[in-house]
Amino acid sequence: MQRNHKELVLWHEFDGPGDTSIEVLEGICKLYTERFGIQVTPQVMNITELIAGLNRIKDTRQGPQLAMVPADMSSYVGNGLYSEVPGGLFADVLTESALSTMQVNGVQYGVPVLRGNHLVVYYNTEIYASPPTAWDIFEEAAEQLSAQGIVPIGADLQQGYWFIPFLSAFGGWPVEAGKPNLATSEMKQALHFIRNKMDQGVLTSLDGSNGLLEQFIDGKVGAIICGEWIYNHLDKHMKHKLGVCQLPVIAGRQSLSMSSSIGLLYPNHSLASEERDHILSFTRFMLSEECQSMWAFQVQRIPAHEKVQNRLAASAAPNKKKILSLLDHARPMPNDSFMIHIWEALSAGLTELSMSNPEQALQQIDLTIQKSLSAFQSQ
């Protein structure tokens, strides 16, 4: 085959040792390069670098042709200068509900490759004999587990995404009637709850990419709230000791996770460039049954292609079937253009909470969102 010297660069998040998805992404890029003679080069970075890089494109006018990112990054359209995806182009392989996860104000800016992205409870079956589906179970186990040096449950409570289940358990949600909805009594209750539970030793906050996983695998934390994306890593390390269940009921109310997708965006107006046909060809390749099956069966992710997803559900192990079924209990992540500011505000508040108290954390959330929205609306 005559090689084309053109290169497509694809940015992708790498979330530490537990992120086994990179193996498949690199494999797909290599396969495409071999078959079509177009070099596709994945460039991986942590999520903070990825967000900063996309948001700089408006000023630098430099960026990759593609970025594979969580769906809420579709809302960075103004800074990332994303190309609009031609309508109906991938409707033959993706459902409308899948496509809608990467729309902003009704405009399609991305193409979902993976679904899910929801949080579940992973628990050690040698510590909890039955699924800990209610918060009371963690409270009741706390004294005995603490005596053994085990924390009942952990989460990454520096990340707004992990905070959503606690906010939802008190009846809160970050968007209401198309507007940010953060400085609320429900938010205050949720902040008080996690601060109290951390102070009591029932709950610990650990880095979701490393410490949370390591301490859970080592048996130092009995259960963790974490994403479906980490199942393959935990399954490899824990085998029969790993259990999966729904997020806990807290004070009589079911906590909820968000769900979304991970997909391809086209920064710096790349679909208006001379590489357009190659970019869309690579996107179509990513959505092929062959590549979607690689995600599903090599690293146990949830493919966006419904036919492959159904095949995965039919053949999956019980824990994976549970993860798939829990997607129905999650609530779609809002993809309003102001979501970037909601995550910034929650991050600022949770950082403040770790250093001070719930009242100051709530104040920090409110100050941050007001400042961000003021700058956003004046653009």
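What follows draws every value from the coordinates through simple rules; no lab data is involved. Remember, predicted model here, so these are calculated numbers, not experimental data. Cβ coordinates were reconstructed from backbone atoms using ideal geometry, including for glycine residues, and neighbour counts include every protein chain displayed.
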Checklist entry - Rounded to a whole number, what is D in µm²/s for the chain from Stokes-Einstein with the Kirkwood radius over alpha-carbon pairs (37 °C, 0.692 mPa s)? => result 152
Item to check | Sorted peptide list for 128-136, 71-79, criterion being average Cβ within 10 angstrom, highest first | outcome: 71-79, 128-136
Item to check | For region 119-187 versus region 241-306, the gap between their alpha-carbon centres in whole angstrom | outcome: 24
Checklist entry - Under a plain spin-label model, where a point goes 7 Å from the Cα along Cα-to-Cβ, how far apart in nm are residue 139 and residue 315? => result 4.5
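What full-extension length gain, to one decimal in nm, is calculated for residue 254 and residue 359 as 0.36 nm per residue of separation minus the Cα-Cα distance?
Values: separation 105, 0.36 × 105 = 37.80 nm, distance 2.46 nm.
The span from residue 254 to residue 359 would gain 35.3 nm if fully extended.
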Checklist outcome for this item: Rounded to the nearest 10 degrees, the helix 306-315 long axis (Cα) sits at an angle to the longest Cα principal axis of the chain of 50
Next on the checklist: Let's test the formula: R0 of 56 Å, r as the Cβ-Cβ distance of residue 277 and residue 351. What FRET efficiency results, to the nearest 0.05?
Outcome noted: 0.80
Checklist entry - By its C-alpha gyration tensor, with a ≥ b ≥ c as the square roots of the eigenvalues, how is region 243-354 shaped: rounded for a/c under 1.5, else prolate for a/b larger than b/c, else oblate? => result oblate
Checklist entry - What angle do you read, to the nearest 10 degrees and between 0 and 90, between the alpha-carbon axis of helix 358-377 and the longest principal axis of the chain? => result 20
Next on the checklist: Cross-link candidates for residue 30: which aspartates and glutamates have Cα within less than 20 Å, leaving aside residues fewer than 8 places away along the same chain?
Outcome noted: 7, 13, 19, 275, 277, 289, 290
Checklist entry - Based on the Cβ-Cβ distance of residue 371 and residue 331, what FRET efficiency does E = 1/(1 + (r/R0)^6) give at R0 = 25 Å, to the nearest 0.05? => result 0.35
Checklist entry - One-quarter of the Cα convex hull surface for region 27-108, in nm²? => result 6.5
Next on the checklist: Counting other beta carbons within 10 Å of each residue's own, what order do 28, 57 fall into, fewest first?
Outcome noted: 57, 28
Checklist entry - For region 35-105, which GluC sites (Glu not before Pro) are in a loop by DSSP, counting at most 16 other Cβ atoms within 10 Å? => result 84
Checklist entry - With each label point set 7 Å from Cα along the Cα-Cβ vector, what nm distance links residue 89 and residue 200? => result 5.2
Next on the checklist: Test of understanding: what is the full-extension gain from residue 41 to residue 26, defined as 0.36 nm times their sequence separation minus their Cα-Cα distance?
Outcome noted: 4.6 nm
Item to check | Excluding exposed DSSP-loop trypsin sites (Lys or Arg not before Pro) (at most 11 other C-beta within 10 Å), longest clean stretch of the chain | outcome: 62-379
Item to check | Of 241/322; 239/322; 179/320, pairs whose Cα-Cα distance is over 25 Å | outcome: 179/320
Checklist entry - So how strong a dipole does the chain carry about its Cα centre when Lys and Arg Cβ are +1 and Asp and Glu Cβ are -1, to the nearest 20 debye? => result 540
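With both partners inside the chain, how many of the DSSP beta bridges are antiparallel, as a percent to the nearest 5?
60
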